[in-house]
Ligand SMILES: *Cc1c(COP(=O)(O)O)cnc(C)c1O
């Protein structure tokens, strides 16, 4: 077989980039060799529209077994009564849920994008904001979830759906409070656990399935699986489960990605292991000790602390934008992403903050000592953004750490 040189050369370069970079992007991770292998397998050749033993294509004997195992493992992992492993991504999972339970024009109550919400939670630039009428809640003055505001907005606008679960909130959500509010107005509660699914699987973060009617997730963030989506529920309502299944296929998707579903099955098995719990514990430890260093160096942490894999740094007092910080760090082989901070005055391409996450570096085997070291290097970089010599010097140090912790 002749390799497609152009593409494989680029894959190799990307591999080197990943190897030589300290990745602090909170939504990224590294998959296991098992998952990589299954993702590149012949399962990608198979069409399997439909569900277990009810397919629109012949030849699904083994496919059925794979999807069945994936569902069974996910049920065990998250203590769910219903699981759909077919969503191609977190966004697809959310869209399918909306399509299952809402009508065009219905109202959604969710977190404002600049306060940690996700574009698929009703943003005007996303289909969710075009089809549905979205109302947003915010973080309060102390940068905590504003349950009072959520309650009053819920009573005033009577949304059909309340969404919890965020892309940059660093603390623990009170799912019970959310459910209490949704009960007052008899609305659905959706928890989007995309970011924290790994922590929830390891029981280090409260499981939303106890309170939410529906839970959506990605499988590639803290959960460390393949790029994909997931829908779960525990409300023992077969008619709702059917609606969601129909909303995925034929409602919003065609054939499932069976190679990815095999990877999801592997990922859930990995997440059921003791090793995984240890991994998730270390992720939080690493995030917490980095926050300490940033605090010491007068960097402001949004919501003051972290109880998860991530935190936001508000750079206003340092007089640099998120964009500049991202660029300078990237020069030293540290990748982070710029991020809105609550009530950001800067636009989405500039922003006033950066988001830092520790799932990827922890997967490489990095523990407190080197997390602290990396945080110190970041402080030094951001305090000396014009100093080329310092940037060069730190890049060398980062490359050295990368070598010590191969992916
Ligand atoms: C990442 C994320 C998503 C979307 O996931 P994709 O797989 O990129 O579509 C949805 N919701 C939240 C809260 C997320 O953080």
Among the listed residues 204, 153, identify the single one that is surrounded by fewer than 24 Cβ atoms within 10 Å (Cβ to Cβ) and part of a loop (DSSP other than H, G, I, E, B).
204
Flag if residue 159 is assigned to a loop (DSSP other than H, G, I, E, B), touching a helix residue (DSSP H, G or I) at 6+ places or on another chain (Cβ under 7 Å), closer than 23 Å to residue 90 by Cβ and without any contact (Cβ under 8 Å) to a residue 60 or more places away in the chain
no
Tell me yes or no: at least one residue of region 192-200 is within 11 Å of the ligand (Cβ to nearest atom) and within 20 Å of residue 151 (Cα to Cα).
yes
Just checking: which of the strands (runs of 3 or more DSSP E) contained wholly in region 284-357 hold 3 or more residues that are surrounded by 24 or more Cβ atoms within 10 Å (Cβ to Cβ)?
310-314, 353-357
Give the number of residues within region 365-375 that are surrounded by fewer than 17 Cβ atoms within 10 Å (Cβ to Cβ), part of a helix (DSSP H, G or I) and in contact (Cβ under 8 Å) with a residue 60 or more places away in the chain.
2
Of the residues 274, 304, 285, 238, which is in contact with a helix residue (DSSP H, G or I) (Cβ under 8 Å, 6 or more places away or on another chain) and either at positive phi or at pLDDT 95 or above (or both)?
285
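To keep it simple, each residue is scored yes or no on (1) more than 11 Å from the ligand (Cβ to nearest atom); (2) in a loop (DSSP other than H, G, I, E, B); (3) under 17 Å from the mean Cα position of the chain (by Cα).
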{"residue": "80", "(1), (2), (3)": "yes, yes, no"}
{"residue": "88", "(1), (2), (3)": "no, yes, yes"}
{"residue": "91", "(1), (2), (3)": "no, no, yes"}
{"residue": "103", "(1), (2), (3)": "yes, yes, no"}
{"residue": "108", "(1), (2), (3)": "yes, no, no"}
{"residue": "120", "(1), (2), (3)": "no, no, yes"}
{"residue": "125", "(1), (2), (3)": "yes, yes, no"}
{"residue": "130", "(1), (2), (3)": "yes, no, no"}
{"residue": "135", "(1), (2), (3)": "yes, no, no"}
Tell me which residues, restricted to region 21-60, are over 22 Å from residue 361 (Cβ atoms) and assigned to a helix (DSSP H, G or I).
37, 38, 39, 42, 43, 44, 45
Given (1) more than 14 Å from the ligand (Cβ to nearest atom); (2) in a loop (DSSP other than H, G, I, E, B); (3) touching a residue at least 12 places away in the same chain (Cβ under 8 Å), where does residue 66 come up short, assuming only one miss?
(2)
Name the single residue that is farthest from the ligand (Cβ to nearest atom) among those in region 224-238 being touching a residue at least 60 places away in the same chain (Cβ under 8 Å) and either in a loop (DSSP other than H, G, I, E, B) or within 21 Å of residue 281 (Cα to Cα) (or both).
236
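The values are calculated or read from the model by the stated rules, or taken from the named source; none is laboratory data. Bear in mind that the values here come from a model prediction, so they are computed numbers and not experimental data. Cβ: placed from backbone, ideal geometry, glycine included. Neighbour counts: every protein chain shown.
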